[in-house]
Amino acid sequence: MRNLVDRVVCLAGLVALAPALVVIAGLVRWGDGGPVLFRQVRVGRGGRSFVLLKFRSMRVDNGGPAITAAGDGRVTRVGGWLRAYKLDELPQLWNVVRGDMSLVGPRPEVRRYVDPGDPVWQRVLSVRPGITDLATLVYRNEEQLLAGAAEPERFYREEILPEKLRLNLRYFELSCWARDWRLLAMTVGYSLRPAGFTPETVLRRLAA
């Protein structure tokens, strides 16, 4: 039932947002003439791979690490605006319609960061990944944190990712329809008004 509701909501969202999606696609294309969508293989439920969709926010054939820190020169001008308001994530509504993802669930990682032998990862991979989750909101300023690290990728692996997994497990214990819808509402609110975001507010409202 939950999967069906997610799919119906996301399909309706794609229809309602169609004009905005067309405008965003046009801006991305106008920015540097490259492809509109960014496709990346991520690890989903049961350890299965799927192709995650985003509006492209970086230059084509940019290379570099799989994570992005604030001030990364690979990000385009349009891409910086999209990332600030999380509009680059909107194509993942189609991932939900396809059944790859849910609206709420652990954010899917690239395989290089996943340890399938770790019991924590096994628990996280037992559910569909999501467009948003508790960890995503708590670490909405992740790019700024990475920019302040001497070794961003190592800092992500050793500090940020373990804490995200801990938050995933914490939310599993609390998850319910009402809390999920509250999380979705907060995701939209913080995307439209990033200045109103604090990790403490998220934890107080969602993980108390």
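The values are calculated or read from the model by the stated rules, or taken from the named source; none is laboratory data. Here the structure is a predicted model, which is why all the values come from computation and not from measurement. Please note: Cβ atoms are built from the backbone with ideal geometry, for glycine as well, and neighbour counts cover all protein chains shown. Remember, those area values only see protein heavy atoms, side chains included, never the ligands or the DNA or RNA. Shrake-Rupley method; radii C 1.70, N 1.55, O 1.52, S 1.80 Å.
Overview of values
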{"item": "Qualifying positions in the stretch 134-155 - assigned to a helix (DSSP H, G or I) and among the charged types (D, E, K, R)", "result": "Glu142, Glu143, Glu153, Arg154"}
{"item": "Residues located in the stretch 61-81, provided they are among the hydrophobic types (A, V, I, L, M, F, W, C) and either within 22 Å of Arg42 (Cβ to Cβ) or not in a helix (DSSP H, G or I) (or both)", "result": "Ala66, Ile67, Ala69, Ala70, Val75"}
{"item": "Members of the stretch 77-93 found to be open to solvent by 20 Å² or more (accessible area, probe 1.4 Å) and in contact with a Lys or Arg (Cβ under 8 Å, 6 or more places away or on another chain), listed by number", "result": "Glu89"}
{"item": "Residue check, Pro199 at pLDDT below 95 and open to solvent by 30 Å² or more (accessible area, probe 1.4 Å)", "result": "yes"}
{"item": "Enumerated helices (runs of 4 or more DSSP H) restricted to the stretch 156-208, each holding at least 2 residues that are more than 23 Å from Leu90 (Cα to Cα)", "result": "161-174, 199-206"}
{"item": "All positions within the stretch 37-60 that are among the hydrophobic types (A, V, I, L, M, F, W, C) and either in contact with a strand residue (DSSP E or B) (Cβ under 6 Å, 6 or more places away or on another chain) or buried (at least 17 other Cβ atoms within 10 Å of the Cβ) (or both)", "result": "Leu37, Phe38, Val41, Val43, Phe50, Val51, Leu52, Leu53, Phe55, Met58"}
{"item": "Hits in the stretch 176-196 - residues which are under 18 Å from the mean Cα position of the chain (by Cα), over 23 Å from Leu82 (Cα atoms) and open to solvent by less than 60 Å² (accessible area, probe 1.4 Å)", "result": "Asp180"}
{"item": "Top-ranked residue in the stretch 1-36 [being part of a loop (DSSP other than H, G, I, E, B) and open to solvent by less than 60 Å² (accessible area, probe 1.4 Å); ranked as farthest from Trp181 (Cα to Cα)]", "result": "Gly33"}
{"item": "Residues located in the stretch 100-113, provided they are buried (at least 19 other Cβ atoms within 10 Å of the Cβ) and over 30 Å from Ala195 (Cβ atoms)", "result": "Asp100"}
{"item": "Output for the stretch 114-144, where each listed residue is open to solvent by 10 Å² or more (accessible area, probe 1.4 Å) and either touching a His at 6+ places or on another chain (Cβ under 9 Å) or hydroxyl-bearing (Ser, Thr, Tyr) (or both)", "result": "Ser126, Thr136, Tyr139"}
{"item": "Residues being in contact (Cβ under 8 Å) with a residue 40 or more places away in the chain, open to solvent by less than 30 Å² (accessible area, probe 1.4 Å) and under 17 Å from Ala207 (Cα atoms) - total across the stretch 145-175", "result": "3"}
{"item": "Scan of the stretch 41-56 for residues that are of a type in the set (A, V, I, L, M, F, W, C) and either in a loop (DSSP other than H, G, I, E, B) or touching a Lys or Arg at 6+ places or on another chain (Cβ under 8 Å) (or both), ordered by number", "result": "Val41, Val43, Phe50, Val51, Leu52, Leu53"}
